[in-house]
C-alpha cells in the first residue's frame, strides 16, 4: 500500500489548516454561504437535506486496517455510529456538524487520508478495480497509476474550476470491473502484439442525464506520457467545455458536440505544444510509487485446500456463500473474499462502526492488512488463504456481514435517494430493501444467478441505473414517486446503456415487477445463460409482454 | 482600483481604453478586438501597450503580438469560471514574460492558484484587507504539479523527490 512521505503529510496538513480557517471565517460570517460553498465542496463537505454530509476519499478504494478503524472512530465520535460506502469507492458520513469538520479532517490526516476533491467541479477521487493486485486476470496492478493521478490532480491550480466535476477510472485487467467506458476519462491497460503494455485512453463516457459510452482518443499511450497527455485533455475541456448550462457541462457533451475527431485533434495539438518533452520525473515518481504496491509475500500453497473443502461439505450456508462471494486470486491456495454490505432488507453500502472494526481485524489477521471498497458498495479482503476462509465467514456471520448475494439480485447498488439527498426526486433505499427482501430466499437468488440491479433516486444517476442489467430510476410525477425500469445496461468491457421498458411503477409495485422480469428470464433462458446475455439475445419484447400484458 | 503585486499594493499606471475613440497619451490597455483592428498604429505609438483578452479568446491568437505586449489582462467573470487559468498557463508557456493581470471576481481563496499559473498582478477591490491577501498567497507550502510559478520557499514535491532527475526546462518563480 502507498505510504505518505513527509511531503504528502505536509500537503494534507496545510490543506486541513486552510479549511479550518475557511470554516472559522464562515462561522463568524466573514464568508457568505455562496463563497464558502465551493471551498467546502472541494473538501468534500455537502449541505444535505438534514445536515452536512462529509465525503472522505478512499483513493482507488484501498484501505489499511488502521485506516478502517479510524473511519469507525469518526463514525462513533462525530456521526451516528455508521458510515455509507459509495459507488465511487468513498465513504460518506451523513450527520456531520460544520464546526467539527476540521477536527475530522485532522483525524483523517493522522491516518494518511483526506477529503480533498471528493466534490466540486474538479478532478475527483480516482477509482479502480477493487480486485487490483489480486485478480487472476490482471495484466498489472493499476493502483500505482491511480496514486500518480491522485497526486497530480490534488489542488491542480489550472483544473480546480472546471466546467463540471471530472471522474477518472483505471483498470489493469481485461475484465473491466472499474467501468472505464462510463467515466470522463477511462484508462485501460492492455498488451500489444509485441507484448508491450500501454494504456487505452477513453474520453467522454458518463451516466447522469445524458448517458454515453466513451470514445477512444489514444489506443496505446506509453505509461510515462499519461500525465502530459491528461493535462492536454483537461486543458481542452477547461477551455472549451460548456459553462452556460450545468447539465451540458460534462466533457461527454463537449466530445459529442464538436465530434470525437475534432476533440482528438484539439488534444493532440495541445499535447504537441507541451513545454517539457522529458518525462523522467514522472517515470521515476511512478517507479517510486510502484514499490509501495509490491505484491505481498504470498506463501507457496497447493491449489486444493482440504480444510476449506471439508468445511463446505459440512456447512451448506458456508458452501453457498463461497460459491457467490469469492473471486479468483492469481495465486494458488488464495482467494478474494467479497463481503456484501447488502444484508437482506438492509441499506446498500451502510456499515456500522462495529462492522468496520471487525472487517479491519479480519484484514489485519488474514489479508495482509488490506481492504478494498468496491464501486458496487461492498468490501473486499484481497489476499486470503483458502484455509482461513471458514474462520472469516464465521466471524462475518456473527456480525451480520455474511450475506451470500455478491453479484446477485440482492447485491443492489443504490444512491442515498430522497432519504438524504437534496437533489433526489424519489426514495431509493426503500426500493432496494423491498427487492432485497423479495429475493431473500437464497435458492431463488442462486437460480437467477449473476445480476446487477442499480437504483437511482433522480436523473443524475448516482446509482448508475443506466448500466444496471436491470436499472431503476425514481422520478416524481405530480408529487407521487414512480419508478422507470431499464433493461440491458452494463458497465463491463462490452458496455451498454439500458433501454426503458415502458411506463413506470409505483414504489410498492417495483419489487413485483422485478420478480415478473426475472421469472420471464428463467422461462426463456438457455442453459447457463446469464440474465444480460439472455436479454441481449431476445430483446425487450418478452419482458414487456409479461409486465404490461395484464394491463 | 487597488492592485496587488508581490504581496503589496501598487498604484495603477495603465490607462484603459474602450473599443474605439481617441487613444490617450501614456501606457494603454486596449481590448483584444481593437488590438487586431489597429495593430499597425498601436505598434508604432510611444508608450507601453497592453491588451485585455476575453476568456473565450484563444491564447494562440496573441502569438504574433506577444513581443510588443507588456500587460495582458485576463478576466474572471465569476470566481468559478476557470478558463483564464488555462489561458494564463498557455501564455506563459508561449514565452510571455510581461505582466499578467487577473481581473473580475478575484478572491483570496483563489489567489495562490492564480499565482501558480503565472498571474502576477491582481485587481482586488476593496473588500478584503491587505493582510488577508498576503496570508492567502501562501496557504499551501507545496504543490505536486511541475512547471508552476511559485515562491522560493514553495516546494514542488515531485521535483524535490527526484532532485537528480532532469529539471523542468525552465523553472519559473513568481514575481
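The values are calculated or read from the model by the stated rules, or taken from the named source; none is laboratory data. Keep in mind that this is a model prediction, so the values were computed, not measured. Note: ideal-geometry Cβ built from the backbone for every residue, glycine included; neighbour counts use all protein chains shown.
For the stretch A:30-48, a tally of residues being in contact with a helix residue (DSSP H, G or I) (Cβ under 7 Å, 6 or more places away or on another chain) and either more than 10 Å from chain B (Cβ to nearest Cβ) or over 18 Å from residue B:79 (Cα atoms) (or both) returns 2. For the stretch A:94-106, the criterion of being assigned to a helix (DSSP H, G or I), over 18 Å from the mean Cα position of the chain (by Cα), touching a residue at least 24 places away in the same chain (Cβ under 8 Å) and closer than 19 Å to residue A:351 by Cβ is satisfied by at least one residue.
Does residue A:15 qualify as being over 20 Å from residue B:138 (Cβ atoms) and either in contact (Cβ under 8 Å) with a residue 60 or more places away in the chain or within 12 Å of chain B (Cβ to nearest Cβ) (or both)? Judged against the criteria, residue A:15 is not a match. Scan the stretch B:94-112 for residues that are free of Cβ contacts under 8 Å to residues at least 12 places away in the same chain and part of a helix (DSSP H, G or I) and the total you get is 0. Whether a residue is in contact (Cβ under 8 Å) with a residue 12 or more places away in the chain and over 30 Å from residue B:60 (Cβ atoms) was assessed, and residue A:289 passes this test.
In the stretch B:1-39, the qualifying residues are those that are without any contact (Cβ under 8 Å) to a residue 12 or more places away in the chain and part of a loop (DSSP other than H, G, I, E, B), and the one that is surrounded by the most Cβ atoms within 10 Å (Cβ to Cβ) is B:38. For the stretch A:371-402, residues that are part of a strand (DSSP E or B) and touching a helix residue (DSSP H, G or I) at 6+ places or on another chain (Cβ under 6 Å) total 6.
Taken together, B:42, B:115 contain a single residue that is touching a strand residue (DSSP E or B) at 6+ places or on another chain (Cβ under 7 Å) and part of a helix (DSSP H, G or I), which is B:42. Only a single criterion out of (1) in contact with a helix residue (DSSP H, G or I) (Cβ under 8 Å, 6 or more places away or on another chain); (2) within 14 Å of chain B (Cβ to nearest Cβ); (3) at negative phi is not satisfied by residue A:155, namely (3). Just the residues that are over 17 Å from residue B:64 (Cα atoms) and surrounded by fewer than 21 Cβ atoms within 10 Å (Cβ to Cβ), please, taken from the stretch B:80-98. Answer for the stretch B:80-98, where residues must be over 17 Å from residue B:64 (Cα atoms) and surrounded by fewer than 21 Cβ atoms within 10 Å (Cβ to Cβ): B:80, B:81. Checked against (1) within 14 Å of chain B (Cβ to nearest Cβ); (2) in contact (Cβ under 8 Å) with a residue 24 or more places away in the chain; (3) not in a helix (DSSP H, G or I), residue A:190 passes all but condition (1). When each of A:443, A:533 is tested for being closer than 27 Å to residue A:129 by Cα and assigned to a helix (DSSP H, G or I), the lone residue that passes is A:533.
Of all the criteria given as (1) touching a strand residue (DSSP E or B) at 6+ places or on another chain (Cβ under 9 Å); (2) surrounded by fewer than 17 Cβ atoms within 10 Å (Cβ to Cβ); (3) away from chain B (no Cβ under 11 Å), the one not satisfied by residue A:27 is (1). Out of A:120, A:83, one residue alone is more than 20 Å from residue A:50 (Cβ to Cβ) and in contact (Cβ under 8 Å) with a residue 60 or more places away in the chain. It is A:120.
State whether the residues of the stretch A:266-273 include one that is more than 14 Å from every other protein chain (Cβ to nearest Cβ), in a loop (DSSP other than H, G, I, E, B) and surrounded by fewer than 17 Cβ atoms within 10 Å (Cβ to Cβ). No, the conditions are met nowhere in the stretch A:266-273. Only one of the numbered conditions (1) modelled with pLDDT of 95 or more; (2) more than 14 Å from every other protein chain (Cβ to nearest Cβ); (3) under 30 Å from residue A:388 (Cα atoms) is not met by residue A:295, and that is (1). Considering (1) in contact with a strand residue (DSSP E or B) (Cβ under 8 Å, 6 or more places away or on another chain); (2) within 23 Å of residue A:497 (Cα to Cα); (3) surrounded by fewer than 23 Cβ atoms within 10 Å (Cβ to Cβ); (4) free of Cβ contacts under 8 Å to residues at least 60 places away in the same chain, the lone condition that residue A:176 does not fulfil carries the number (4). For first residues located in the stretch A:51-62 and assigned by TED's automatic domain parsing to the domain that holds residue A:149, partners that are in a strand (DSSP E or B) and lie 6+ apart or on another chain with Cβ distances below 9 Å do not occur.
Residues that are under 18 Å from residue B:149 (Cα atoms), at pLDDT 95 or above and surrounded by fewer than 20 Cβ atoms within 10 Å (Cβ to Cβ): does the stretch B:62-74 have at least one? The answer is yes; a qualifying residue exists. Screening A:495, A:513 for residues that are closer than 27 Å to residue A:129 by Cα and in the same structural domain as residue A:453 (by TED's automatic domain parsing) leaves exactly one candidate, A:495. Just one of the listed residues (A:252, A:262) is free of Cβ contacts under 8 Å to residues at least 12 places away in the same chain, more than 14 Å from chain B (Cβ to nearest Cβ), in a helix (DSSP H, G or I) and within 27 Å of residue A:152 (Cβ to Cβ), and it is A:262.
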